[in-house]
Amino acid sequence: MDRIRIALAKGRLAEDAVKLLKKAGYRVPHEILSSRKLIFNIEDEQVELVLVKPADVPIYVEYGAADLGIVGRDILLEEGRSLYEVLDLKFGQCKFVLAGLPGFREKQLTHRRVATKYPRFAKEYFRKKGEPVEVIELTGSIELAPLTGLADWIVDIMQTGRTLKENGLMVYEDICPVSARLVVNRVSMKTRRKEINKLIERLKSQVERSEN
Ligand SMILES: Nc1ncnc2c1ncn2[C@@H]1O[C@H](COP(=O)(O)OP(=O)(O)OP(=O)(O)O)[C@@H](O)[C@H]1O
Ligand SMILES: O=P(O)(O)OC[C@H]1O[C@H](OP(=O)(O)OP(=O)(O)O)[C@H](O)[C@@H]1O
(Lines give C-alpha, C1' and ligand atoms only; values in the text may rest on other atoms or scores of the structure.)
(Ligands and ions follow the chains in the order given, each with its own letter.)
Protein backbone atom coordinates (compact mmCIF):
# COMPACT_ATOMS: atom_id res chain seq x y z
CA MET A 1 0.00 0.00 0.00
CA ASP A 2 1.11 3.57 -0.67
CA ARG A 3 2.70 5.49 2.11
CA ILE A 4 0.66 8.11 3.94
CA ARG A 5 2.04 11.46 2.77
CA ILE A 6 2.27 14.48 5.06
CA ALA A 7 2.94 17.95 3.61
CA LEU A 8 5.00 20.07 6.00
CA ALA A 9 5.14 23.86 5.74
CA LYS A 10 8.76 24.88 5.17
CA GLY A 11 10.10 27.87 7.07
CA ARG A 12 9.18 28.97 10.54
CA LEU A 13 6.95 25.99 11.42
CA ALA A 14 9.17 23.21 10.10
CA GLU A 15 11.42 22.82 13.13
CA ASP A 16 8.56 22.50 15.62
CA ALA A 17 6.69 20.16 13.28
CA VAL A 18 9.71 17.86 13.06
CA LYS A 19 10.18 18.05 16.83
CA LEU A 20 6.57 17.00 17.39
CA LEU A 21 6.79 14.10 14.93
CA LYS A 22 9.99 12.90 16.60
CA LYS A 23 8.45 13.10 20.06
CA ALA A 24 5.52 11.07 18.77
CA GLY A 25 7.99 8.36 17.82
CA TYR A 26 8.41 9.00 14.09
CA ARG A 27 12.02 8.57 13.05
CA VAL A 28 12.29 11.68 10.88
CA PRO A 29 15.64 11.81 9.02
CA HIS A 30 17.89 14.31 10.75
CA GLU A 31 18.86 16.05 7.48
CA ILE A 32 15.27 17.11 6.77
CA LEU A 33 15.87 20.69 7.95
CA SER A 34 19.19 21.17 6.18
CA SER A 35 19.13 19.26 2.89
CA ARG A 36 17.64 20.37 -0.44
CA LYS A 37 15.67 17.15 -0.78
CA LEU A 38 11.91 17.56 -0.71
CA ILE A 39 10.68 14.02 0.04
CA PHE A 40 11.68 11.96 3.07
CA ASN A 41 10.64 8.47 4.08
CA ILE A 42 10.15 7.74 7.74
CA GLU A 43 11.89 4.54 8.71
CA ASP A 44 9.74 1.70 10.07
CA GLU A 45 6.51 3.52 9.20
CA GLN A 46 4.36 3.72 6.09
CA VAL A 47 4.71 7.49 6.17
CA GLU A 48 6.56 10.03 4.05
CA LEU A 49 7.07 13.75 4.49
CA VAL A 50 7.12 16.34 1.71
CA LEU A 51 8.30 19.91 2.21
CA VAL A 52 6.24 22.68 0.60
CA LYS A 53 5.79 26.44 0.89
CA PRO A 54 3.31 27.25 3.69
CA ALA A 55 0.66 28.64 1.32
CA ASP A 56 0.83 25.49 -0.82
CA VAL A 57 0.12 23.00 1.98
CA PRO A 58 -3.71 23.32 1.74
CA ILE A 59 -3.50 22.93 -2.05
CA TYR A 60 -1.56 19.64 -1.79
CA VAL A 61 -4.01 18.36 0.79
CA GLU A 62 -7.17 19.47 -1.00
CA TYR A 63 -6.08 17.76 -4.23
CA GLY A 64 -4.97 14.63 -2.40
CA ALA A 65 -1.33 14.99 -3.48
CA ALA A 66 -0.74 14.77 0.28
CA ASP A 67 -3.05 12.95 2.72
CA LEU A 68 -2.27 15.27 5.59
CA GLY A 69 -0.66 18.65 6.14
CA ILE A 70 0.87 20.74 8.90
CA VAL A 71 0.25 24.45 8.37
CA GLY A 72 -0.63 27.70 10.15
CA ARG A 73 -4.28 28.57 10.74
CA ASP A 74 -3.58 31.93 9.04
CA ILE A 75 -2.99 30.11 5.77
CA LEU A 76 -6.09 27.95 6.21
CA LEU A 77 -8.25 31.01 6.84
CA GLU A 78 -6.81 32.75 3.81
CA GLU A 79 -7.01 29.80 1.44
CA GLY A 80 -10.46 28.55 2.48
CA ARG A 81 -9.78 25.12 0.99
CA SER A 82 -12.00 22.10 1.30
CA LEU A 83 -10.28 19.86 3.87
CA TYR A 84 -10.63 18.67 7.45
CA GLU A 85 -8.84 20.53 10.22
CA VAL A 86 -8.39 17.84 12.86
CA LEU A 87 -5.91 19.04 15.47
CA ASP A 88 -4.49 22.21 17.01
CA LEU A 89 -0.78 21.40 17.32
CA LYS A 90 -0.23 24.32 19.75
CA PHE A 91 3.01 25.60 18.22
CA GLY A 92 3.48 28.59 15.90
CA GLN A 93 1.22 30.53 18.22
CA CYS A 94 0.51 34.11 17.23
CA LYS A 95 -2.58 36.14 16.34
CA PHE A 96 -4.15 38.10 13.54
CA VAL A 97 -4.41 41.80 14.36
CA LEU A 98 -5.62 45.01 12.81
CA ALA A 99 -2.88 47.60 13.35
CA GLY A 100 -1.94 51.10 12.30
CA LEU A 101 -0.35 54.36 13.39
CA PRO A 102 -1.56 55.75 16.74
CA GLY A 103 -4.41 58.23 16.40
CA PHE A 104 -5.43 56.87 13.07
CA ARG A 105 -8.87 55.65 14.06
CA GLU A 106 -10.02 59.16 14.94
CA LYS A 107 -9.37 60.40 11.42
CA GLN A 108 -12.54 60.53 9.37
CA LEU A 109 -11.71 58.99 6.04
CA THR A 110 -14.12 57.89 3.39
CA HIS A 111 -11.66 55.67 1.58
CA ARG A 112 -9.48 53.45 3.75
CA ARG A 113 -6.74 51.24 2.44
CA VAL A 114 -5.59 48.07 4.20
CA ALA A 115 -2.30 46.33 3.37
CA THR A 116 -1.93 42.60 4.01
CA LYS A 117 -0.48 39.26 2.96
CA TYR A 118 -3.96 37.83 3.57
CA PRO A 119 -6.31 39.61 1.11
CA ARG A 120 -9.21 37.16 1.20
CA PHE A 121 -9.16 37.01 4.97
CA ALA A 122 -8.95 40.81 5.30
CA LYS A 123 -11.81 41.38 2.83
CA GLU A 124 -14.02 38.95 4.70
CA TYR A 125 -13.14 40.58 8.03
CA PHE A 126 -14.16 44.06 6.84
CA ARG A 127 -17.19 42.72 4.98
CA LYS A 128 -18.48 41.22 8.24
CA LYS A 129 -17.90 44.54 9.98
CA GLY A 130 -19.74 46.34 7.19
CA GLU A 131 -16.80 48.67 6.57
CA PRO A 132 -15.87 49.31 2.95
CA VAL A 133 -12.09 49.27 2.44
CA GLU A 134 -9.63 48.77 -0.36
CA VAL A 135 -7.36 45.80 0.32
CA ILE A 136 -3.82 45.98 -1.04
CA GLU A 137 -1.98 42.68 -1.25
CA LEU A 138 1.70 42.70 -0.28
CA THR A 139 4.14 39.82 0.12
CA GLY A 140 6.11 41.00 3.19
CA SER A 141 7.29 43.95 5.32
CA ILE A 142 3.62 44.75 5.84
CA GLU A 143 4.40 47.17 8.69
CA LEU A 144 5.98 49.52 6.16
CA ALA A 145 2.67 50.27 4.47
CA PRO A 146 1.24 52.73 7.05
CA LEU A 147 4.67 54.39 7.46
CA THR A 148 4.92 55.21 3.78
CA GLY A 149 1.30 56.19 3.11
CA LEU A 150 0.62 53.08 1.07
CA ALA A 151 -2.16 52.06 3.44
CA ASP A 152 -3.98 53.29 6.55
CA TRP A 153 -4.14 49.94 8.29
CA ILE A 154 -2.58 46.52 8.14
CA VAL A 155 -4.02 43.09 8.82
CA ASP A 156 -1.11 40.89 9.84
CA ILE A 157 0.22 38.35 12.28
CA MET A 158 1.68 39.45 15.59
CA GLN A 159 3.65 37.23 17.90
CA THR A 160 5.93 39.14 20.30
CA GLY A 161 4.70 42.54 19.09
CA ARG A 162 8.27 43.59 18.43
CA THR A 163 7.82 44.38 14.73
CA LEU A 164 4.83 46.63 15.41
CA LYS A 165 6.59 48.35 18.31
CA GLU A 166 9.84 49.00 16.47
CA ASN A 167 7.87 50.57 13.65
CA GLY A 168 5.73 52.76 15.91
CA LEU A 169 2.47 50.98 15.15
CA MET A 170 -0.27 49.91 17.54
CA VAL A 171 -2.89 47.18 17.64
CA TYR A 172 -6.43 48.40 17.02
CA GLU A 173 -8.10 45.03 17.23
CA ASP A 174 -7.22 41.43 18.02
CA ILE A 175 -8.89 39.46 15.26
CA CYS A 176 -8.28 35.81 16.13
CA PRO A 177 -5.65 33.38 17.45
CA VAL A 178 -3.40 31.46 15.06
CA SER A 179 -1.35 28.28 15.55
CA ALA A 180 -0.18 25.29 13.54
CA ARG A 181 -2.90 22.82 12.57
CA LEU A 182 -3.05 19.26 11.31
CA VAL A 183 -5.27 18.99 8.23
CA VAL A 184 -6.51 15.95 6.32
CA ASN A 185 -7.71 15.32 2.77
CA ARG A 186 -11.44 14.54 2.71
CA VAL A 187 -11.13 11.37 0.64
CA SER A 188 -8.09 10.03 2.53
CA MET A 189 -10.00 10.50 5.78
CA LYS A 190 -12.50 7.91 4.52
CA THR A 191 -10.31 5.56 2.48
CA ARG A 192 -7.40 5.42 4.96
CA ARG A 193 -9.33 6.16 8.10
CA LYS A 194 -7.60 3.62 10.33
CA GLU A 195 -4.02 4.67 9.54
CA ILE A 196 -4.87 8.36 9.64
CA ASN A 197 -6.71 8.11 12.94
CA LYS A 198 -3.74 6.29 14.43
CA LEU A 199 -1.43 9.07 13.26
CA ILE A 200 -3.77 11.75 14.63
CA GLU A 201 -3.94 9.96 17.99
CA ARG A 202 -0.16 9.71 18.21
CA LEU A 203 0.27 13.41 17.56
CA LYS A 204 -2.65 14.34 19.79
CA SER A 205 -1.34 12.51 22.83
CA GLN A 206 2.05 14.14 22.29
CA VAL A 207 0.50 17.63 22.05
CA GLU A 208 -1.46 16.97 25.24
CA ARG A 209 1.64 15.67 27.01
CA SER A 210 3.59 18.80 26.03
CA GLU A 211 0.83 20.98 27.43
CA ASN A 212 1.01 19.49 30.93
N1 LIG B 1 6.11 36.08 13.92
C2 LIG B 1 5.60 34.87 13.93
N3 LIG B 1 5.65 34.13 15.04
C4 LIG B 1 5.14 32.88 15.08
N5 LIG B 1 4.57 32.29 14.03
C6 LIG B 1 4.52 32.97 12.91
C7 LIG B 1 5.03 34.28 12.80
N8 LIG B 1 4.87 34.70 11.54
C9 LIG B 1 4.28 33.66 10.91
N10 LIG B 1 4.04 32.64 11.74
C11 LIG B 1 3.43 31.33 11.43
O12 LIG B 1 4.39 30.58 10.71
C13 LIG B 1 3.90 30.24 9.42
C14 LIG B 1 5.04 30.22 8.43
O15 LIG B 1 5.63 31.48 8.41
P16 LIG B 1 6.90 31.75 7.49
O17 LIG B 1 7.38 33.10 7.88
O18 LIG B 1 7.80 30.58 7.53
O19 LIG B 1 6.29 31.71 6.05
P20 LIG B 1 5.79 32.83 5.07
O21 LIG B 1 6.61 34.05 5.24
O22 LIG B 1 4.30 32.96 5.24
O23 LIG B 1 5.99 32.09 3.68
P24 LIG B 1 7.06 32.24 2.56
O25 LIG B 1 8.21 31.38 2.98
O26 LIG B 1 6.32 31.69 1.39
O27 LIG B 1 7.37 33.71 2.46
C28 LIG B 1 2.81 31.25 9.15
O29 LIG B 1 1.86 30.75 8.23
C30 LIG B 1 2.22 31.47 10.53
O31 LIG B 1 1.28 30.46 10.83
O1 LIG C 1 5.20 40.20 16.55
P2 LIG C 1 6.52 39.73 16.01
O3 LIG C 1 7.16 38.71 16.88
O4 LIG C 1 7.42 40.88 15.71
O5 LIG C 1 6.22 38.93 14.65
C6 LIG C 1 5.40 39.48 13.65
C7 LIG C 1 6.09 39.59 12.32
O8 LIG C 1 6.42 38.27 11.85
C9 LIG C 1 5.88 38.12 10.52
O10 LIG C 1 6.75 38.63 9.58
P11 LIG C 1 7.98 37.82 8.94
O12 LIG C 1 9.07 37.72 9.93
O13 LIG C 1 7.45 36.55 8.35
O14 LIG C 1 8.46 38.83 7.81
P15 LIG C 1 7.84 39.25 6.42
O16 LIG C 1 6.31 39.12 6.51
O17 LIG C 1 8.27 40.65 6.24
O18 LIG C 1 8.41 38.30 5.42
C19 LIG C 1 4.66 39.02 10.53
O20 LIG C 1 4.27 39.37 9.22
C21 LIG C 1 5.13 40.21 11.34
O22 LIG C 1 5.79 41.15 10.55
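Most tightly packed first, judged by the mean number of other beta-carbon atoms within 10 Å of their residues, the peptides 126-135, 41-50, 3-12 read 3-12, 41-50, 126-135.
When both segment 1-16 and segment 168-182 are represented by their alpha-carbon centers, they are found 24 Å apart. Taking every alpha-carbon pair under 8 Å whose residues sit at least 6 apart, segment 136-196 reaches a relative contact order of 21 percent. Report for the chain the percent antiparallel among DSSP-assigned beta bridges with both residues inside it, nearest 5. Counting only bridges with both partners in the chain, antiparallel ones make up about 60 percent. Surface analysis of the chain yields an accessible area of 55 Å² per residue, using protein heavy atoms and a 1.4 Å probe. Computed about its Cα centre, the charge dipole of segment 94-177 is approximately 160 debye, with only Lys, Arg, Asp and Glu carrying charge at their Cβ. Evaluated with a Cβ-only charge set (Lys, Arg +1; Asp, Glu -1), segment 1-95 carries a dipole of roughly 340 debye about its Cα centre, given to the nearest 20. Taking label points 7 Å from Cα along the Cα-to-Cβ direction, residue 166 and residue 194 give a separation of 5.2 nm.
Positive end of the dipole of segment 94-177 (Cβ unit charges, origin at the Cα centre): among 177, 102, 159, the Cα lying farthest that way belongs to 177. Note on the chain: with a GNM built from Cα contacts shorter than 10 Å, the maximum mean-square fluctuation among 160, 110, 191 falls on 110. For segment 94-177, the Kirkwood radius over C-alpha pairs fed into Stokes-Einstein at 4 °C and 1.567 mPa s yields D = 102 µm² per second. Let's test the formula: R0 of 25 Å, r as the Cβ-Cβ distance of residue 208 and residue 27. What FRET efficiency results, to the nearest 0.05? Using R0 = 25 Å, I get an efficiency of 0.70.
Note: relative contact order over the chain, using C-alpha pairs below 8 Å and six or more positions apart, is 27 percent. Helix 193-211 and the long axis of the chain differ in direction by around 60°, with both axes built from C-alpha atoms.
Counting only Cβ charges, +1 for Lys and Arg and -1 for Asp and Glu, the dipole size of the chain around its Cα centre is about 320 debye.
With angles folded into 0 to 90 degrees, how steeply does helix 14-23 sit against the dominant principal axis of the chain? Use alpha carbons for both and round to 10. The helix 14-23 is inclined about 40 degrees to the chain.
Within the accessible surface of the chain, defined with a 1.4 Å probe on protein heavy atoms only, the carbon and sulfur portion equals 49 percent. Axis of helix 119-129 versus longest Cα principal axis of the chain: the two differ by about 60°, to the nearest ten degrees.
Compute the Cα gyration tensor for the chain, then decide on rounded, prolate or oblate, letting a ≥ b ≥ c be the square roots of its eigenvalues: rounded whenever a/c is under 1.5, prolate when a/b is larger than b/c in the other cases, and oblate in all that remain.
Note, shape of the chain comes out prolate.
From the Cα gyration tensor of segment 147-212, with a ≥ b ≥ c the square roots of its eigenvalues, which class applies: rounded if a/c is under 1.5, or else prolate if a/b is larger than b/c, or else oblate? Cα axes put segment 147-212 in the prolate bin.
The values are calculated or read from the model by the stated rules, or taken from the named source; none is laboratory data. Here the structure is a predicted model, which is why all the values come from computation and not from measurement. For neighbour counting, all protein chains shown are included, and Cβ atoms are generated from backbone atoms with ideal geometry for every residue, glycine included. The area values use the complete protein model at the heavy-atom level, side chains included, leaving out ligands, DNA and RNA. Shrake-Rupley method; radii C 1.70, N 1.55, O 1.52, S 1.80 Å.
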